[in-house]
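Undergrad: Just passing along the structure, written as structure tokens.
Just so it is clear, none of the values below were taken in a lab; they were calculated from the coordinates. These numbers come from a predicted model, not from an experiment. In this analysis, Cβ positions are derived from the backbone assuming ideal geometry, glycine residues included, and neighbour counts consider all displayed protein chains.
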Amino acid sequence: MKRWWRRWRRGRASAEALGVTAAYARWAPSYAAEAHNPLMALEQAAVLALLPPPAGRRVLDLACGSGRYLARLSGRGAAQLLGLDLSWPMLAWARAVSSQLAQADLRALPLPSAGVDLIICGLAVGHVADLPRALSEMARVLAPGGVLVYSDFHPLPALAGLQRTFTAADGRAYAVEHHVHLYSHHHAACAAAGLALDAVREPLLDSEHPWRGRPVVLVLRAVKPP
């Protein structure tokens, strides 16, 4: 359990703070292609439970990273399956499961309006301070009736002083840029973007861990009205 706890732990002087691009450039060589700790396993289970069937839909995996969601949606009948991520080194992982990939910032998506029917965005919105802008872009590219399922690290651990950290191949600890978004922030940002929240999950950690029995991720589903 110690290894994954070092990925999100109480801050200390030895964890150098990095912006998102620099952090993932260092992390990518050792980043696992699967949900590699109990927190990510909880997040993935909640996301997949809220996800509508992809068959016949134009699907966007936003901030696709290593392509773990692309791998699970491949072969399930999506009319289109596209992955976008800010980090080129992370996209190198995703190439193993998809060729439909591009680099993009989730605050300025290089896609036409109303061009996708389903968006998945896993554990990425906390990397940006401007949550309303990110959700506005997601709403813009969603077609009427489209669905967005996205997740964030739960604000409670962050407010308790925990950080999103990792140990790079050089053995050094780094803290990834993270912005705390309360549930009220998500609710307001979705409303401002014209999205209707219809489901929220706050899974509790059930493994041996200092945060056991408390929520560690926030998973939300929103719909763009027809």
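Undergrad: How would you rank 146-158, 85-97, highest first, on the average number of other Cβ atoms within 10 Å across their residues? Can you show the working numbers first?
TA: Working: 146-158: 23.0, 85-97: 18.2.
Top to bottom by mean Cβ count within 10 Å: 146-158, 85-97.
Undergrad: What is the set of long-range amide H partners of Ala199 at a cut-off below 5 Å, with H atoms built 1.01 Å from backbone N?
TA: Distant-sequence amide H within range of Ala199: Arg221.
Undergrad: Please compute one quarter of the surface area of the Cα convex hull for segment 68-221 and express it in square nanometres. Spell out each step's value before the answer.
TA: Values: hull surface 41.8 nm².
Result: 10.4 nm².
Undergrad: To the nearest µm²/s, what D does Stokes-Einstein give for segment 1-144 at 20 °C and 1.002 mPa s, using the Kirkwood radius over alpha carbon pairs as Rh? Spell out each step's value before the answer.
TA: On the way: Rh = 16.0 Å.
Estimated via Stokes-Einstein, D reaches 134 µm²/s.
Undergrad: Non-local amide H neighbours of Trp211 (under 5 Å, H modeled in plane, Pro and chain starts lacking H): which ones?
TA: none
Undergrad: Mind checking the angle between helix 131-141 and the chain's longest principal axis? C-alpha axes, 0 to 90 degrees, to the nearest 10.
TA: 30 degrees
Undergrad: Quick one: putting +1 on the C-beta of Lys and Arg, -1 on the C-beta of Asp and Glu, what dipole do you get for the chain around its Cα centre, in Debye to the nearest 20? Display every interim value, and only then the final one.
TA: Details: 24 positive and 16 negative charges, 80 e Å.
That gives a dipole near 380 debye.
Undergrad: Still on this structure, please answer the following. With the dipole of segment 47-151 worked out from charges on the C-beta (+1 for Lys and Arg, -1 for Asp and Glu) around the Cα centre, which of Ser66, Ile120, Ala96 lies farthest toward the positive end?
TA: Of the candidates, Ala96 comes out farthest on the positive side.
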